[in-house]
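The structure under discussion appears below in the form of structure tokens.
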Amino acid sequence: MKYISVLLIIRISDNQKGGIYMPVVKMRERGQLTIPYEYRKDLGIGKEDMLNVLKIGDVLILVPKQLAGDIVSKKIEGTMKKKGLTLDNLLSNLREQRKRYSKETYAKAKT
């Protein structure tokens, strides 16, 4: 899924003119609005994507909500690269830790 950087929705006064394409969207009864198809397509916004909404003065800013897993996985990936680790290294270490944990846990249970 491609995330948008920032999408701004601003209140424009009637006398402001310019060459900017600015479609009109209608606020629905429950506060819903439709982001135009062209924008969704260009920015990779799909069905069920989450966006944070920020209000600063008369400006609404829609920002993609990154899931915590995305952030954590990027940090893990960065750490692995720095330390020269591979997925095989991690899985091998995980198996060793499980064996050690099982031995310690079951040894205590038998005594």
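Odds and ends about this structure:
- Those residues of the stretch 21-42 which are of a type in the set (Ser, Thr, Tyr) and part of a helix (DSSP H, G or I), in sequence order: Tyr37, Tyr39
- When Leu85 is tested against the conditions (1) at pLDDT below 85; (2) surrounded by 10 or more Cβ atoms within 10 Å (Cβ to Cβ); (3) not in a helix (DSSP H, G or I), the lone failure is (1).
The values are calculated or read from the model by the stated rules, or taken from the named source; none is laboratory data. Since the structure is predicted, the reported quantities are computational estimates derived from the model, not experimental observations. Glycine also receives a Cβ, built like all others from the backbone with ideal geometry; neighbour counts cover every protein chain displayed.
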